[in-house]
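Note sheet for the following structure.
The values are calculated or read from the model by the stated rules, or taken from the named source; none is laboratory data. A quick note: this is a predicted structure, and the numbers were derived from the prediction, not measured. Cβ sites come from the backbone with ideal geometry, for glycine too, and all protein chains shown count toward neighbours.
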Amino acid sequence: MRILFILPYDNTYKYKGCFTKSISYAPLTLSVLAALVPQNLHAEIKIIDEGVDKPCLRGNYDIVAITCVTSSAKRAYKLCKFWKERGSYVVLGGVHPTLMSDEATNYADSIFVGFAEETFPQFFKDYLDGTPQKIYRHKSKCAHLPLPIPRRDLISKKYMNIPTVIANRGCMNQCSYCSINKLWGKDGLTRPIDEVIHEIKTLNPKRIILLDPSPTSNEEYAIQFFQALIPLKIKWSGLSTIDVVKKPKLFDLIIKSGCEGILAGFESINSANLLSVDKKTNKVDEYKYAVKQFHQANIPVLGCFVAGFDHDTKESLLDTVDFIDEIGIDLPRFSILTPFPGTTMYDGYIKNNRILTKDWDLYDTMHVVFEPKNMSPAELQKIFLEMWKRSYATKKILNRLSNTQKNIIIKLGANLGFKYYALKIRKAGG
């Protein structure tokens, strides 16, 4: 049996240019799915990430498995059509098919809704029996869902040379623009800690990237996980909510477990915006204090900000650029508010006729797909590009390097990488 796994290309890749490897980490979805293929099939397996690999449009495969998000959905559907016409059995899963299952069923032979740890092996049994189902839905209620060790031997070598690991796939927060809680529920799904630690030990790394969307939101699990991480004496970077600095025990464990970089969603400098989207973990008047606490631990902060909330104006968005310098963000990143299908925000915008397009290619957080409140879509797009331009002026980059004393060269490289990334975005016009 020959099986092809595909992660389709989307717009986010085109902005990276020659920095693709330096700012791209290895996703794990397809390598986990590959590890779920029954060994007794002795399958020949190939993984293609179209963002870093050349598309695979040749060969004969019994099964073609595709995973996609909203911005890669149209490409995924084209691939479904292509491989079905070549006689392959095509299966489709991921965030977009999970939230838009009625749409996705029109393109694949079988679709997977939710996690596939249990349903993917069941699919192979059904496939071999000649009775594959049209829809496979994740229904497990277990508190900790085990994962196989990903087939990293099948992953492209075109990523940064730092292994990626995931422990907690959920998020206990309920932000209205986010699809995570819609996908997995309030509590999400965590892996058994012993299993995660064993996987990290097999990698024998100096550092790792945690892919958890919100590793600190489940405080009890996070405390146990970071305690178990300490003896490994490795460095790690990953996401965190900024309120973690007000949780002394957890924050101390984050530091002791080897954290060397945090990506945090600040989102907005307007409290009314945060309240409107249920971003309850953020308090604007605590931003500067939070960043200072990370810096005192020599942990740089990549801060994410969103343009297009209902209380945003041109002036407030441009003020955000100066505010970023004031609170000491080491690496700012901007996106345009995007009401993804299936989210509470999307449903509300549909109801109020604020969705401008359902061209999923444009749902890449770089394009305006809805009607803003205080400006036109074109004005929001222009301001977004200006925010990138101003934030990555050479003077601002140099000023940011002194925020923490460690890894100056790495921070300079990251800032220059994002400066080039910003240039690509502006040349593409968003």
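Scanning the stretch 409-430 for residues that are more than 16 Å from ALA393 (Cβ to Cβ) and among the β-branched types (Val, Ile, Thr) yields ILE409, ILE410. Applying the criterion of being small (Gly, Ala, Ser) and within 27 Å of VAL369 (Cα to Cα) to the residues of the stretch 165-204, the residue that is modelled with the lowest pLDDT is GLY185.
Entry remark, the stretch 327-375: residues being part of a helix (DSSP H, G or I) and either touching a strand residue (DSSP E or B) at 6+ places or on another chain (Cβ under 7 Å) or under 25 Å from GLY261 (Cα atoms) (or both) number 2 in total. Selection of the stretch 244-280 for residues being among the polar types (S, T, N, Q), in a loop (DSSP other than H, G, I, E, B) and over 30 Å from LYS233 (Cβ atoms) yields SER268, ASN270. Looking across the stretch 277-325 at every residue that is out of contact with any strand residue (DSSP E or B) (no Cβ under 7 Å at 6 or more places or on another chain) and aromatic (Phe, Trp, Tyr), the one that is surrounded by the most Cβ atoms within 10 Å (Cβ to Cβ) is identified as PHE309.
Among the residues of the stretch 366-373, none qualifies, meaning not one is of a type in the set (Phe, Trp, Tyr), farther than 23 Å from ALA297 by Cβ and free of Cβ contacts under 8 Å to residues at least 60 places away in the same chain. Scanning the stretch 119-164 for residues that are under 20 Å from the mean Cα position of the chain (by Cα), modelled with pLDDT of 95 or more and aromatic (Phe, Trp, Tyr) gives no hits. Being buried (at least 21 other Cβ atoms within 10 Å of the Cβ), part of a helix (DSSP H, G or I) and in the same structural domain as ILE48 (by TED's automatic domain parsing) is a property that does not hold for LEU92.
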